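The values are calculated or read from the model by the stated rules, or taken from the named source; none is laboratory data. What you see is a predicted model, and the numbers here were worked out from it, not measured in a lab. Counting neighbours? That spans all protein chains shown, and the Cβs are built from the backbone with ideal geometry, glycine included. Ligands, DNA and RNA are excluded from the accessible area calculation, which covers all protein heavy atoms including side chains. Shrake-Rupley method; radii C 1.70, N 1.55, O 1.52, S 1.80 Å.
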Amino acid sequence: MKNVRDVREQQNTVGWAIEAKGLVKIYGKHRAVDGVDLAIRKGTVYGFLGPNGAGKTTTIRMLATLTKPDGGSARIFGHDLSKEGDAIRSRISMTGQYASIDEDLTGMENLVMMARLMGYKRKAAKVRAAELLMAFGLEEAAKRQVKNYSGGMRRRIDIAASIVVTPDLLFLDEPTTGLDPRSRNQVWDIIRALVNSGTTVLLTTQYLDEADQLADRIAVINHGKIIAEGTSSELKASVGSGTLNVQLVDAADHKMAVDLLEKKLSAPVHVSGDATLLSAQVDNSGLVAEALSDLSKEGIVISDFSFGRPSLDEVFLTLTGHTAGEESKPEEGTA
Amino acid sequence: MTDFIGQNSSRTQEIQLQDSIASSERPKPPGALASTLTFATRALLRIKHVPEQMFDVTVFPIIFLLMFTYLFGGAIAGSTAEYLQFLLPGILVMTVSQITMYTGIDLNNDIRKGIFDRFRTLPIWLPSALVGALLVDVVRYSMASAIMIGLGFVLGFRPEGGVTGIFGAIMLILVFSFSFSWIWTAVGLVVRSEKSLMMISFMVLFPLTFVSNVFVDPRTLPSWLQSFVEVNPISILATAVRGAMHGTSTIEQVVWVLVVSVIMTAIFAPLTIYLYRNKK
């Protein structure tokens, strides 16, 4: 019994769903994707994290056979991307950034159509469509045109259409962008259920907590390049042992506090819009207590402080110099 | 409505979700015929849900026929009844050729909305998405033809070719239009928006249908224009359709229509499929 399970686990985890080397895509003079290497294990969730225009979508479009790379190579389940498109297409499924179903048709009609296109016979297609609508909580909306669905319902019918036949590899392009928290949790549950049944998921996201919650490994993408890769903890650790946040009572102490902290921690202090709020990356956690005591010796009163492992937000900030979601329009700011 | 997950998630529904994901069989990919029929079904369902799109094959033909018969009838042929005999086959050709562009518009919409990407990642015979839609368009063209000929009869159209002639004429129009549609699918894959497609098709179709033998006998035209009218595919079709309806058809007329259709399909069908496959 144990052996059988071991073997199955091995089959599930050993081997690569995606191996890519030096993928490049150029639009005009713009290198949208600039030498991306990837190795994604079967049965895992892999997160592409990056701001708008970082090259996330272009990369997954190349891997899903929708766009030809201008350079580099990739294998999907061992099939060569440039030569074995049909073999790849029979094992993957893609849910694009915008609902990629026929909005004039009803939810039921859309799923029946997809089932037929996946090779189901007429009756089996209807059964399968009904089963999916039920499981995705859409049976009441089955006979309504998709254009009358809410954002969350659209996303669900869209994902349902992608898994009429459960794919071995599912690409999800920003699956929760624009959804309210409840709908977002529903989509997360669907993704977790898919992974439980053995599907490999490659998702792109601008949300750090989404990558943190779902992904086994994360690649941070910026300007078409992967600037960091690893598990969520590895990424956090790469930034330093932690972040110290200090809240000053009096903004007048600002300059002196910054100088003191920078000297003690030998690290730059980040200041947000609020002059009383200081934060710094700390490599040696032993210095934190000393730094705080230095502040108090100088008569600088603090109302609050925290020291913890960095959030992915901070990882992102450290790696790219700006927060996620902040690209050409800084005023849209923080994620 | 029951929430399948969320805060008050019930265990059974989670299991249902898991089951529906895990239990899926993996059928063999559909054959070319099955996928083509599925896309044809989609086009029919779209007509059911968006019946407005049938305006172009119902209302337009009626307006066109009435307008041109009474506008030009007296001036060109001396009487509307007489002009109708000449005009109807031609204006039928003109109307149907003009609605061929809607296939391109539908395709263009699919691309912008993202469903096109979904189809392209399916393990199907790719052209079936286009062929299926074009087959349903043939139904639309037939409808437009039936409406126009019906109205023609009411107005006094009396073809000498009889039922066989009319049937033959419609077949010629359908073959030609199916081939002609491929031009618009190819253009629809290249242009950015529905609007630019409309503009291009108008720029092509307007001169092509008017500078033809649809409205007037080309013998009254200056000679340089006459030579254009003679090679204009719309004229070639209009001549053959007129011949079939009035029982004066020659093999030569029919063969020319077929030759033109084959040439258009041979160039634009592979081009469309190539563009479809390699769309960035």
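Listed values, structure above:
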{"item": "Sole exception among (1) at the interface with chain B (Cβ under 10 Å from one of its Cβ atoms); (2) basic (Lys, Arg); (3) within 28 Å of the chain's Cα centre (by Cα) for A:LYS121, by number", "result": "(3)"}
{"item": "Among (1) open to solvent by less than 10 Å² (accessible area, probe 1.4 Å); (2) within 9 Å of another protein chain (Cβ to nearest Cβ); (3) part of a helix (DSSP H, G or I) - the single one A:PHE171 does not satisfy", "result": "(3)"}
{"item": "Output for the range A:67-91, where each listed residue is open to solvent by 30 Å² or more (accessible area, probe 1.4 Å), in a strand (DSSP E or B) and within 19 Å of B:ILE124 (Cβ to Cβ)", "result": "A:HIS79"}
{"item": "Sole residue being in the same structural domain as A:GLY50 (by the TED database), modelled with pLDDT of 85 or more and either assigned to a helix (DSSP H, G or I) or surrounded by fewer than 17 Cβ atoms within 10 Å (Cβ to Cβ) (or both), chosen from A:ILE221, A:ILE227", "result": "A:ILE227"}
{"item": "Qualifying helices (runs of 4 or more DSSP H) (wholly inside the range B:184-280; at least 1 residues being exposed (fewer than 12 other Cβ atoms within 10 Å of the Cβ))", "result": "B:194-210, B:223-231, B:251-278"}
{"item": "Test result for A:LEU265, closer than 14 Å to A:PHE307 by Cβ and either modelled with pLDDT under 85 or over 26 Å from the mean Cα position of the chain (by Cα) (or both)", "result": "yes"}
{"item": "Which listed residue, of A:LEU63, A:LEU105, is touching a Phe, Trp or Tyr at 6+ places or on another chain (Cβ under 8 Å) and open to solvent by less than 10 Å² (accessible area, probe 1.4 Å)", "result": "A:LEU63"}
{"item": "Near pairs, Cβ below 9 angstrom, 6+ apart or cross-chain, from the range A:252-271 (at positive phi and open to solvent by 50 Å² or more (accessible area, probe 1.4 Å)) to any residue that is of a type in the set (D, E, K, R) and not in a helix (DSSP H, G or I)", "result": "A:SER266/A:ASP283"}
{"item": "From A:THR65, A:THR57, residue being closer than 22 Å to A:ARG41 by Cβ and within 12 Å of chain B (Cβ to nearest Cβ)", "result": "A:THR65"}
{"item": "Strands (runs of 3 or more DSSP E) contained entirely in the range A:13-65, each with at least 3 residues that are of a type in the set (Gly, Ala, Ser)", "result": "A:16-27, A:30-41"}
{"item": "Residues of the range B:112-134 classified as in a helix (DSSP H, G or I) and more than 10 Å from every other protein chain (Cβ to nearest Cβ), total", "result": "5"}
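This table checks each residue for (1) of a type in the set (D, E, K, R); (2) open to solvent by 10 Å² or more (accessible area, probe 1.4 Å); (3) more than 14 Å from every other protein chain (Cβ to nearest Cβ).
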{"residue": "B:GLN53", "(1), (2), (3)": "no, yes, no"}
{"residue": "B:MET67", "(1), (2), (3)": "no, yes, yes"}
{"residue": "B:LEU107", "(1), (2), (3)": "no, yes, no"}
{"residue": "B:ASP110", "(1), (2), (3)": "yes, yes, no"}
